[in-house]
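> Before we start, here is the structure in question, set down as structure tokens.
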Amino acid sequence: MQLLEVKDVGKRFGGLQAVSRVSFSVRKDTIKALIGPNGAGKTTLFNLISGFLTPDSGTILFHDRPVQGLRPFEIAAKGMARTFQHIRLFPEMTSLENVMIGRHIHGKSGFLSAMLDLPRTRREDRGAREKALELMDFLGIAGLAGHEATSLSYGQQRLVELARGLACEPALLLLDEPAAGLNMRETAEMASLISRIRDRGVTILLVEHDMSLVMNISDEIIVLNYGEKIADDVPLTIQKNEDVIRIYLGGDGDA
Amino acid sequence: MRSRIHFALFGLVAAVIAVQQVTAYTGSEYYLTQLTMSAYYSLVIVGLCLLMGYAGQISLGHAGFFAIGGYISAFLTTHDLSPLKDGGIVAFLSKAGLLSQRTDLYGGQLLTVQPWAACIIAIFATVVIAYIVGGPVLRLKGHYLAMATLGFGTIIYRIAIGTTALGAADGLSDVPPFRLLPFLEVSGEMSDRVQNYYIAWGLVILAVLFSLNIIHSRIGRALRSIHGAEDAANAMGIDTARYKLNTFVLSAVFASVAGVFLTHYNGGIGPSEASIMKSVRYVAIVAVGGMANLWGALVMGTLLNFLSLRGYLGTYDDAVFGGILIIIMLFVPQGLLHIDVFRGLRGFFLRRPAEKET
């Protein structure tokens, strides 16, 4: 079953065709990786899918419903969470509070009930806290709950951001370079975490430069170059694809 | 966290009672007048702190909302409707018990809107205006938002000072007392001084309780996340525009309620309440208090307004608040009640710019 279907999506910035007529789909309960040299349009595609940009053409179906043109918070509420290439945690908040923000879409209390601190609000708050702690425990960062999120090490911040995304309980999780800035050991741990997240029933679409991570955990890989899709297959076939080899070995050597 | 809120609020209640007792024993009850007025200004500041410190949105137009509340209730409770007595609407209002008959200073008969009805109308009008203004304006950020809200404040000021029906430069006077309950009345009568002190501080305590509840809730976390990283908040499913707007409206309502009550307490309102310098003063006090520090804003709001109302700041009153704003931004952008004050000062004198986190 296809969870996400991208059909003929294009995006132009002035004279630059950042993404041109790209189509692909992500099957439920799989890990799909999006690779390509710098400037290939990977992050643009991510921003189009998550609503930060509106495509010029094409459709994006999530749960078989069109989501292109919706605003990011509306798409998030439909069950799509994302992380950012440059970690974007909320400063002056603890890591627990950061993760609890991920529970936002599952809460109902509004200004009035929060103002009056109704029992319903308190219950909801307790539930959010428990769920956030459980996820932090799953990622091995429960011990950092009380620390200010932006004071943590880079690797820890990545995990907090991941926990925040998971706290949304998304059907689809978009990870924008989850291993960027991590050392080899941390990258290996991240790879195993991503697999375990998939095993929890979260479908994953990720952009990544680290080929070991991509080849190890992905079920399928799509390769972009200059905004165009040039391959979309299982890792073994991608590794033998001549176009891909040419881009990666003959090009900028950016892998 | 919750018990800490209750503990701090208990401290506030105790302090409010203690101050009143001290003035009673030392025969210095005349201080209560300025403390009551300071309380109402602090109400504006608590709301503005929620907007600026937590949601991260500036407003240089909050004196405008204060004036909207004050002027609407002043106008409705002083404008004589007797000539229209037989008109359909007035007759209807009269039947609904929303009007009251009273005698003015010169013995003439006045038919005006009841203070309760006027208060509700004023708040409702504030909500409508805040939504209309906030909707487009809150799309702006930083300097642009500051300028747009400044524009709004200027419009309200010019309306107040330029409208004959609102008393132009003289403002409106002879505003009747506001009977909240049969035994509780907002008025400037000497004999009501103590109960008015408690009415005003009761309102502030309620506002602080509501605000603290919001800050420590799902809503408060959402607001702080908007302040910290708006696009990430959006990606987490937070309708950032709606949250900013709702906070703007809520803080406008705080200001408006303060305007309504202080107008009944003073028996009138003048255009200076709508002036830009008032808005600047509110912003300066929130900054002195430490932006995202409700208690700091409350303490500073009470202290500085009290000093100003007692005349301790002399003719340089407005200049003092302008100066405060400059000094705070230079030395202690996190506010005066922040522990890092001394580090900030040292940093400045060692020619390293103080950290700017706000």
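A short reminder: the numbers here are calculations on the coordinates, not readings from a lab. Given the structure is predicted, the values throughout are model-derived calculations rather than measurements. Here Cβ is always computed from backbone atoms with ideal geometry, including for glycine, and neighbour counts include all displayed protein chains.
> Can you report the principal axis dimensions of chain B using only the alpha carbons, biggest first, rounded to whole angstrom?
That gives 71, 52, 42 Å along the principal axes, largest extent first.
> Please list, in order, the residues from the range A:176-204 whose amide nitrogen is less than 18 Å from a point placed 7 Å along the Cα→Cβ vector of A:ASP219.
Residues passing the 18 Å test: A:191-204.
> Given Cβ point charges of +1 (Lys, Arg) and -1 (Asp, Glu) and nothing else, what value in debye, to the nearest 20, does the dipole of the range A:89-169 about its Cα centre take? Walk me through the numbers before you get to the answer.
On the way: 10 positive and 11 negative charges, 55 e Å.
I would put it at about 260 debye.
> Quick one: if you stick a label point 7 Å off each Cα along the C-beta vector at B:GLN21 and A:ARG120, how many nm between them?
In this crude spin-label approximation the distance works out to 4.1 nm.
> Continuing with this model, one more query. For the range A:153-234, state which trypsin sites (Lys or Arg not before Pro) are in a DSSP loop and have at most 12 other beta carbons lying within 10 Å of their beta carbon. Can you show the working numbers first?
On the way: sites: A:ARG158, A:ARG164, A:ARG185, A:ARG196, A:ARG198, A:ARG200, A:LYS229; in loops: A:ARG200.
Those satisfying the criteria are A:ARG200.
> Still on this structure: In the range A:89-169, if every C-alpha pair distance is counted and binned at 5 Å from zero, what percent goes to each bin?
Over the range A:89-169, the share of Cα pairs per 5 Å bin runs 3, 17, 27, 22, 16, 9, 4, 1 percent.
> Once you average over the residues of A:62-75, how many Cβ atoms of partner chains fall within 10 Å of each Cβ? Walk me through the intermediate numbers first.
Numbers: counts 0, 0, 0, 0, 0, 0, 0, 0, 0, 4, 10, 11, 3, 3.
Across the residues of A:62-75, the mean count of other-chain Cβ atoms within 10 Å is 2.
> Okay, moving on. Between B:LEU84 and B:ASP170, 0.36 nm times their residue separation minus their Cα-Cα distance comes to what?
Values: separation 86, 0.36 × 86 = 30.96 nm, distance 2.54 nm.
Contour length minus Cα-Cα distance gives 28.4 nm.
> With a sphere of radius 14 Å drawn around the Cβ of A:ARG65, what net charge do the other residues whose Cβ falls strictly inside it have (Lys, Arg +1; Asp, Glu -1)? Could you put the intermediate results ahead of the total?
Details: positive: A:LYS7, A:LYS78; negative: A:GLU5, A:ASP64, A:GLU74.
Neighbourhood net charge equals -1.
> For chain B, set up a GNM with springs between Cα atoms under 10 Å and report which of B:GLY270, B:GLY69, B:GLY88 has the largest fluctuation.
Top of the fluctuation ranking is B:GLY88.
> What is the sum of charges, Lys and Arg at +1 and Asp and Glu at -1, for the other residues whose Cβ falls under 12 Å from the Cβ of B:SER308? Write down the numbers at each step before the final one.
Numbers: positive: B:LYS278, B:ARG281, B:ARG310; negative: B:ASP317, B:ASP318.
Local charge sum for B:SER308: +1.
> Applying 1/(1 + (r/R0)^6) with R0 = 51 Å to the Cβ-Cβ distance of A:GLN85 and B:LEU181, what FRET efficiency is obtained, to the nearest 0.05? Numbers along the way, then the final one.
Details: r = 59 Å, r/R0 = 1.16.
Approximately 0.30, to the nearest 0.05.
> Taking every Cα atom in chain A, find the radius of gyration and the maximum pairwise distance Dmax, and write them in Å.
18.8, 64
> I would also like to ask the following. Beyond a 19 Å Cα-Cα separation, which of these cross-linked pairs lie in this structure: A:LYS42/A:LYS240; A:LYS32/A:LYS229; A:LYS32/A:LYS131; B:LYS244/B:LYS278; A:LYS7/A:LYS32; A:LYS28/A:LYS240?
Values: A:LYS42/A:LYS240 21 Å; A:LYS32/A:LYS229 14 Å; A:LYS32/A:LYS131 27 Å; B:LYS244/B:LYS278 23 Å; A:LYS7/A:LYS32 16 Å; A:LYS28/A:LYS240 26 Å.
Violating the 19 Å limit, Cα to Cα: A:LYS42/A:LYS240; A:LYS32/A:LYS131; B:LYS244/B:LYS278; A:LYS28/A:LYS240.
> List the lysines whose alpha-carbon lies under 26 Å from that of B:LYS95, not counting same-chain residues fewer than 8 positions away?
Candidates past the 8-residue exclusion: B:LYS85.
> Let me have the 222 nm mean residue ellipticity of the protein assembly as shown computed from DSSP H runs of 4+ only, each contributing -39500 (n - 2.57), with the sum over all residues rounded to the nearest 500.
Details: 24 runs with 327 residues, N = 613.
Estimated from H runs of four or more residues: -17000 deg cm²/dmol.
> If you don't mind, there's one more thing I want to ask. So what is Rg over Rh here for the protein assembly as shown, counting just Cα atoms and using Kirkwood for Rh? Intermediate results must be reported in sequence, preceding the final value.
Numbers: Rg = 29.2 Å, Rh = 27.2 Å.
Computed over Cα atoms, the ratio is 1.07.
> With no solvent and one equal point scatterer per Cα, compute the Debye intensity ratio I(q)/I(0) for the range B:96-198 at 0.12, 0.14, 0.15, 0.21 Å⁻¹ and report its log10, rounded to two decimals.
-0.65, -0.83, -0.91, -1.20
> Given points 7 Å out from each Cα along the Cα-Cβ axis, report the B:MET147 to A:ASN183 separation in nanometres with one decimal.
Simple spin-label model gives 4.9 nm for this pair.
> Also, I was wondering about something else. Using unit Cβ charges (K, R positive; D, E negative) and no other charged atoms, how large, in debye to the nearest 20, is the dipole of the protein assembly as shown about its Cα centre?
400
> Once you've got the GNM for chain B with C-alpha springs shorter than 10 Å, pick whichever of B:SER308, B:SER279, B:SER59 has the biggest mean-square fluctuation.
B:SER308
> Now a separate question. When Cβ neighbours within 10 Å are restricted to other protein chains, what is their mean count per residue of peptide A:108-115?
Details: counts 1, 3, 4, 9, 4, 4, 10, 11.
So the per-residue partner count for this stretch is 6.
> Which of the helices in chain B meet the span-like rule: DSSP H, Cα axial reach of 27 Å or more, Kyte-Doolittle mean at least -0.5? Provide the component values of the computation, followed by the final result.
Values: long enough: B:2-26 (36 Å, 1.00); B:115-137 (32 Å, 2.03); B:142-162 (30 Å, 1.07); B:193-215 (33 Å, 1.41); B:240-266 (39 Å, 0.69).
Result, helices passing both filters: B:2-26, B:115-137, B:142-162, B:193-215, B:240-266.
> Whose amide H sits under 5 Å from the amide H of A:ARG12, counting only residues 5 or more places off or on another chain, with H placed in the peptide plane?
Close amide H contacts, sequence-distant or interchain: A:ALA18, A:ASP56.
> Could you pull out the trypsin sites (Lys or Arg not before Pro) across the range A:63-137 that fall in loop regions by DSSP (anything but H, G, I, E, B) with no more than 16 other Cβ atoms inside 10 Å? Display every interim value, and only then the final one.
Values: sites: A:LYS78, A:ARG82, A:ARG88, A:ARG103, A:LYS108, A:ARG120, A:ARG122, A:ARG123, A:ARG126, A:ARG129, A:LYS131; in loops: A:LYS78, A:ARG88, A:ARG103, A:LYS108.
Qualifying residues, ordered by number: A:LYS108.
> Taking the Cβ of each residue in A:LEU144, B:LEU51, B:LEU150, A:LEU16 as the centre, tally the other Cβ atoms inside 10 Å and list the residues starting with the fewest.
Details: A:LEU144 22, B:LEU51 26, B:LEU150 18, A:LEU16 13.
Lowest to highest Cβ neighbour count: A:LEU16, B:LEU150, A:LEU144, B:LEU51.
> Only sites in a loop by DSSP and with at most 15 other Cβ atoms within 10 Å count here; which trypsin sites (Lys or Arg not before Pro) in the range B:1-105 make the cut? Write down the numbers at each step before the final one.
Numbers: sites: B:ARG2, B:ARG4, B:LYS85, B:LYS95, B:ARG102; in loops: B:LYS85.
Those that pass, being in a loop and sparsely packed, are B:LYS85.
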